[in-house]
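Peer 1: Structure below; questions to follow.
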Amino acid sequence: MSLFENTLAQIEKAGSLVNLDDEIKLILSNPQRRVRVSIPIRMDDGSLKIFQGFRVQHNNAMGPYKGGFRYHPQVDMEEVKALSAWMTMKCAVVGIPLGGGKGGVMVDPKQLSESELERLTRGYVRMLEPVLGPEMDVPAPDVNTDSKMMDWFADEYSKLKGKDMRGVVTGKTIEAGGSKGRSEATAQGGVFVLEEYIKDKGLNPKDTKVVIQGFGNAGGVAAKLLAAMDFEIVGVSDSQGGLVCSHGIDPAGLMTCKIEKNSVKNCGIHVEELQGIEGATCRVVTNEELLEQECDILVLAALENQITIDNADQIKAKVILELANGPITPEADEILNKNGITVLPDILANAGGVTVSYFEMLQNHDDKYWSEEEVAEKLKKTMVDAWKAVFENSQKYKCSLRNAAFVTALIRLEEKIKEKGLNKL
Ligand code: NAD
């Protein structure tokens, strides 16, 4: 099954629980617009290269298309279609007036210099310019894209339009009109959901072992936030491999080491030294082994399709927090469910990022900027409300939290599509 077929299976399953109108299902099963661009870039050595870029605008019933763009060698149309549909669902789950979009460029950004990356980002904007805009489609950071690139994006689009159009993209640096709290928002939103979930479970963070797959924006910040709450981080991985430590990991120290030594897997001795705990040991594990470690909470914060039919039965965590999009396939989801493992699903758990992106759009529009506390308070309220709606639906429809999150989104989307008469065209 392709990633987009996975998404359709999720819509089908949740749709059947609420008798979703067939025409609404048809609308939501077909992205409204798919754009494929060829971006010519002059490389530092003087040669010309063409990079393939994508933008999918899945649905704008709720508001302008919204969703990040990534730089990764495996980006393709099927992946971007799925990611854009999840954005539509995610915005509906948290109840913000935005639709779903997503983009990406097929590139290994590690092979490009900073100036080549800048030319690529600006080239991507020039190619997509006709379909972008603060009231049309507003991209944001995703895998391998960051706030500096969002600043280039805003600058290029503003140049094309001949005026300040910083609201065309979110996740910018504070200096360029970004929101406070945006870089922490995805992880923070997930942590708010986790806190709600564990409230009744009597879990004591000190006795709760956490493993985190992915140590970038989502996973790195999650590690920092969870360690600050006294959870014990026992394993972390990045694209090169993982590290599992007997006496916990200090995320700040590990991040410093990763920057210096390129991967967490090169930081074992460093971590022991930092902790100063006698007898503490760390061992390097493969990405596959990391997922199968003994732990209470597994945070997935890397890429899609990480838990599949092949490894679902080996997962030992009791709870999985999906900060990544689509890290568990539908077949694997069923196995985890059967094995009593609770999944806090992506379209709820990682919606903090798009929520603070929406706050950034509001601040750019009014040219008034909020304090960090104001952002955190509003984010918490949005995430807790979304959690309550999803939890209630899981009870009402006697289904998993994932199905309940889709149910929550589909009910709201059906209502909006009918209210706007988008099914009557
Ligand atoms: P990032 O590029 O900052 O970090 C990705 C991390 O995953 C890196 O540490 C990378 O080395 C690691 N990684 C890649 N392949 C791996 C593998 N096979 N095993 C272990 N680690 C691997 O990206 P990010 O922004 O943190 O995004 C991570 C996930 O979160 C993606 O699925 C993204 O769509 C999702 N997400 C991000 C945001 C956001 O605001 N950045 C919002 C919502 C969802």
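Peer 1: Please calculate how many Å² of accessible area region 82-173 carries per residue, with a 1.4 Å probe and no DNA, RNA or ligand atoms counted. Numbers along the way, then the final one.
Peer 2: Details: 3060 Å² over 92 residues.
Ligands and nucleic acids excluded, the figure is 33 Å² per residue.
Peer 1: Mean-square fluctuation check for the chain, GNM, Cα pairs under 10 Å: which of V107, V407, V354 is largest?
Peer 2: The residue with the greatest mean-square fluctuation here is V107.
Peer 1: Additional query: Might you tell me the accessible area per residue for region 185-339, computed with a 1.4 Å probe and given in Å²?
Peer 2: On the way: 6570 Å² over 155 residues.
Result: 42 Å² of accessible area for each residue.
Peer 1: Binning at 10 angstrom from zero up to the longest distance, how are the C-alpha pair distances of the chain distributed in percent?
Peer 2: Reading the bins upward from 0: 5, 23, 32, 27, 11, 2, 0, 0.
Peer 1: While we're looking at this one, here's another question. Could you sort the peptides 180-190, 378-388, 279-289 by per-residue average Cβ neighbour count (10 Å cutoff), highest mean leading?
Peer 2: Working: 180-190: 25.1, 378-388: 18.5, 279-289: 15.1.
For the peptides 180-190, 378-388, 279-289, the packing ranking is 180-190, 378-388, 279-289.
Peer 1: Separate question: Please list, in chain and number order, the residues 5+ apart from I233 or on another chain whose amide H is under 5 Å from its amide H, with Hs placed from the backbone.
Peer 2: Under 5 Å from the amide H of I233: V210, I249.
Peer 1: Using mean Cβ contacts within 10 Å as the protection proxy, how do 112-118, 25-31, 86-92, 2-8 order, highest first?
Peer 2: Packing proxy ranking, top to bottom: 86-92, 2-8, 25-31, 112-118.
Peer 1: Under the definition of Cα pairs under 8 Å and six or more residues apart, what whole-number percent is the relative contact order of the chain?
Peer 2: On the way: 891 pairs, mean separation 72.5, N = 425.
In percent, rounded to a whole number, it is 17.
Peer 1: Quick one: pull the percent of accessible area on the chain belonging to carbon and sulfur, 1.4 Å probe, ligands and nucleic acids left out.
Peer 2: On the way: 8690 of 17740 Å².
Heavy-atom surface of the chain belonging to carbon and sulfur, 1.4 Å probe: 49 percent.
Peer 1: I've got another one for you. Over region 185-339, what relative contact order in percent results from Cα pairs under 8 Å that are six or more residues apart?
Peer 2: On the way: 305 pairs, mean separation 35.4, N = 155.
Computed over region 185-339, the figure is 23 percent.
Peer 1: Pairs K224/K416; K102/K380; K81/K265; K13/K201; K81/K258; K180/K388: which are spaced more than 30 Å apart, C-alpha to C-alpha? Each step should come with its number before you reach the end.
Peer 2: Values: K224/K416 38 Å; K102/K380 25 Å; K81/K265 33 Å; K13/K201 28 Å; K81/K258 32 Å; K180/K388 26 Å.
Those over the limit are K224/K416; K81/K265; K81/K258.
Peer 1: As a test of the formula, what do you get for the chain when each DSSP H run with n ≥ 4 contributes -39,500 (n - 2.57) and the sum is divided by the residue count, at 222 nm and rounded to the nearest 500 deg cm²/dmol?
Peer 2: Values: 15 runs with 196 residues, N = 425.
Helices in the chain give a 222 nm mean residue ellipticity of -14500 deg cm²/dmol.
Peer 1: Any idea what the dipole of region 185-339 comes to, in debye rounded to 20, about its Cα centre with Lys/Arg Cβ at +1 and Asp/Glu Cβ at -1?
Peer 2: Using only the charged Cβ atoms, the result is roughly 300 debye.
Peer 1: By DSSP, what percent of the beta bridges with both residues in the chain are antiparallel, rounded to the nearest 5?
Peer 2: Numbers: 25 of 49 bridges.
For the chain, the DSSP antiparallel bridge percentage is about 50.
Peer 1: What whole number of Å gives the distance from the Cα centroid of region 181-216 to the Cα centroid of region 157-178?
Peer 2: 32 Å
Peer 1: Work from the charge dipole of the chain (Cβ charges, +1 for Lys and Arg, -1 for Asp and Glu, about the Cα centre) and give the residue of L362, T186, M229 farthest towards its positive end.
Peer 2: Checked the options; the winner is L362.
Peer 1: Report, by chain and number, residues whose modeled amide H sits under 5 Å from the one on V343, excluding near sequence neighbours (fewer than 5 apart, same chain).
Peer 2: For V343, the qualifying residues are I320, L401.
The values are calculated or read from the model by the stated rules, or taken from the named source; none is laboratory data. Because the structure is predicted, anything quoted here is derived from the model rather than measured. A quick note on method: Cβ atoms are made from the backbone with ideal geometry, for glycine too, and the neighbour counts reach across all protein chains shown. The protein model used for the area step is the full one, side chains on, heavy atoms only, and it has no ligands, DNA or RNA in it. Shrake-Rupley method; radii C 1.70, N 1.55, O 1.52, S 1.80 Å.
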